[in-house]
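Data first, discussion second: the structure below is written as structure tokens.
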Amino acid sequence: MQLESLKMFCDVVETGSFSRAAQLNHVTQSAVSQQIRALENRYEQKLLSRSARQVTPTPAGERLFRGCKEILARFGEVEQEIREQSAEVVGTCTVSTIYSVGLHELQNIQKRLLKTHPKVNMRLIYRRSDQVYDDVILGAAEIGVVAYPQPRAGVDVVPFRDDRLAVVCAPSHPLAGKSKISLTALSKIFREKGVELEPVMEMDNVETIKRAVEMGVGVSILPAATVQHEVAQGTLVARPFADGNYTRPIGLLVRKGKYLDRASQAVLDAFKEAAVAEV
């Protein structure tokens, strides 16, 4: 019996799905089924109960799961001890991030990482927010970066920092002449101010939003950091709020209970250090 088989079994129990376990282990669903069937043949009893919606462990399966988790955790610790005999941190960490953070605000993290751990590669993949959660849960990324992080089963949220928001419009827009903009001057803004929302268009990419605002389609509320280049070029105008400062929280996602190797931990530490430096 191989450790890979035990890990697949634990992944099926934790995700409640053969297909998700297959994704986590980069194998076919059929391969996972074969491994589970081999375990059930070995112990001569059913380990999993399958329904149309979910897979759950039987009492025997629950006992095996608890034991397997202990074995796999200890094996991971031993592997880590061996790896850490090497003084140099080497490896790749995949970070799944939303566009507005990845494209505009992670350069400082990469520079910091290059100075402290030059042989650690931070690989960025740009995704929609819901896809970032899936990437972390399914193991396609070690770390996720999202705005307005929400609690979700299987994910730990590490607070990163807050982005300052600004009202963004084209230079020809009437609001561009104001030094500050009140919430009541906008036609689409937060519910708590009692202003009725009338969205003109919905987009999932901050770059697309900026192009639309540049063309005069409307105004938008965006992180100030994402429009620095356009403001400098004179294609957009960013104005602060007259009612106070408004921000959006940025959070880091890590799969619950996941062991981070040294390269991934170095990347996570770089995020934390950058957050402290900006305070």
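The values are calculated or read from the model by the stated rules, or taken from the named source; none is laboratory data. Everything quoted here is computed from the prediction, not taken from an experiment. Cβ atoms come from the backbone with ideal geometry, glycine included; neighbour counts cover every protein chain shown. Each accessible area value is taken on the protein alone, full model and side chains, heavy atoms only, with ligands, DNA and RNA left out. Shrake-Rupley method; radii C 1.70, N 1.55, O 1.52, S 1.80 Å.
Work out from phi, with θ = phi - 60° and the Karplus expression 6.51 cos²θ - 1.76 cosθ + 1.60, the ³J(HN,Hα) of each residue of segment 245-259, listed in order in whole Hz, and give x for Gly and Pro.
Along segment 245-259, the couplings run 8, 10, 9, 10, x, 10, x, 9, 10, 9, 4, 4, x, 6, 7 Hz.
Work out, in µm²/s and without decimals, the Stokes-Einstein translational diffusion coefficient of segment 27-176 at 25 °C, 0.890 mPa s, Rh from Kirkwood over C-alpha pairs.
Numbers: Rh = 19.9 Å.
Taking Rh from Cα pairs, D becomes 124 µm²/s.
For helix 107-116, what angle does its Cα long axis make with the longest principal axis of the chain, in degrees from 0 to 90 and rounded to 10?
Helix 107-116 sits roughly 50 degrees off the main axis of the chain.
If R0 is 25 Å, what FRET efficiency do you get for R53 and R152 from their C-beta distance, rounded to 0.05? Walk me through the numbers on the way to the answer.
Details: r = 18 Å, r/R0 = 0.74.
Computed FRET efficiency for R53 and R152 comes out at 0.85.
Points 7 angstrom from Cα along the Cβ direction at L175 and R74: gap in nanometres?
Inter-label distance under the simple model: 6.1 nm.
In µm²/s, what is D for the chain at 10 °C and 1.306 mPa s, where D = kT/(6 pi eta Rh) by Stokes-Einstein and Rh is the Kirkwood radius from Cα pairs? Walk me through the numbers on the way to the answer.
Numbers: Rh = 21.8 Å.
Result for D is 73 µm²/s.
Which percent, nearest 5, of DSSP beta bridges in the chain are antiparallel? Before the final figure, lay out each step's value.
Numbers: 23 of 34 bridges.
Counting only bridges with both partners in the chain, antiparallel ones make up about 70 percent.
How much FRET efficiency would the formula 1/(1 + (r/R0)^6) give for S30 and K119, where r is the Cβ-Cβ distance and R0 is 45 Å, rounded to 0.05?
Values: r = 38 Å, r/R0 = 0.84.
Once rounded, the FRET efficiency stands at 0.75.
In sequence order, what are the phi-derived ³J(HN,Hα) couplings for segment 23-37 according to the Karplus relation 6.51 cos²θ - 1.76 cosθ + 1.60 with θ = phi - 60°, rounded to whole Hz, with x for glycine and proline?
5, 4, 9, 6, 9, 7, 4, 4, 5, 5, 4, 5, 5, 5, 4
When DSSP beta bridges are limited to those with both residues in segment 28-144, what percentage is antiparallel, rounded to the nearest 5? Each step should come with its number before you reach the end.
Numbers: 3 of 12 bridges.
Around 25 percent of the beta bridges assigned by DSSP in segment 28-144 are antiparallel ones.
Between helix 129-138 and the chain, what is the angle of the helix's C-alpha long axis to the longest principal axis, kept within 0 to 90° and rounded to the nearest 10?
20
What is the local net charge at V136, summed over the other residues whose Cβ is closer than 11 Å to its Cβ (Lys, Arg +1; Asp, Glu -1)? Intermediate results must be reported in sequence, preceding the final value.
Working: positive: R127, R152, R255, K256, K258; negative: D134, D135, E142, D156.
Charge balance near V136 sits at +1.
Segment 129-175: D in µm²/s via Stokes-Einstein (Kirkwood Rh, Cα pairs, 20 °C, 1.002 mPa s)? Walk me through the numbers before you get to the answer.
On the way: Rh = 13.2 Å.
Diffusion coefficient, whole number: 162 µm²/s.
Nearest 20 debye, what's the magnitude of the dipole of the chain about its Cα centre given +1 on Lys and Arg Cβ and -1 on Asp and Glu Cβ?
On the way: 36 positive and 33 negative charges, 34 e Å.
In debye, rounded to 20, the chain gives about 160.
How large is ³J(HN,Hα) for each residue in segment 206-219, as worked out from phi by the Karplus curve 6.51 cos²θ - 1.76 cosθ + 1.60 (θ = phi - 60°), to whole Hz, x for Gly and Pro?
The phi angles translate into 4, 5, 5, 4, 4, 5, 5, 5, 4, 7, x, 5, x, 10 Hz.
At 1.4 Å probe size, with the rest of the protein present, what percent of the exposed accessible area of the chain is carbon and sulfur atoms? List each step's numbers first, then the result.
On the way: 7740 of 15690 Å².
Within the chain, the accessible surface is 49 percent carbon and sulfur.
Please compare each pair in K7/K119; K119/K258; K178/K272; K115/K256; K180/K272 to a cut-off of 27 Å on the Cα-Cα distance and tell me which ones are over it.
Details: K7/K119 29 Å; K119/K258 22 Å; K178/K272 36 Å; K115/K256 29 Å; K180/K272 32 Å.
The answer is K7/K119; K178/K272; K115/K256; K180/K272.
Counting other Cβ atoms within 10 Å, keep those with at most 15, restrict to DSSP loop, and tell me which GluC sites (Glu not before Pro) in segment 1-56 are left. Don't skip to the answer; put the middle values down first.
Values: sites: E4, E14, E40, E44; in loops: E44.
Filter output for segment 1-56: E44.
Report the full-extension gain for the segment N41 to R63: residue separation times 0.36 nm, less the Cα-Cα distance, to one decimal in nm.
Numbers: separation 22, 0.36 × 22 = 7.92 nm, distance 1.63 nm.
Stretched fully, the N41-R63 segment lengthens by 6.3 nm.
Using only the alpha-carbon atoms, how far is helix 262-278 inclined from the longest principal axis of the chain? Give it as 0 to 90 degrees, nearest 10.
30
Highest mean first, what order results for 96-105, 121-130, 136-145 on Cβ atoms within 10 Å?
Numbers: 96-105: 20.8, 121-130: 16.3, 136-145: 23.7.
In decreasing order of mean packing, 96-105, 121-130, 136-145 become 136-145, 96-105, 121-130.
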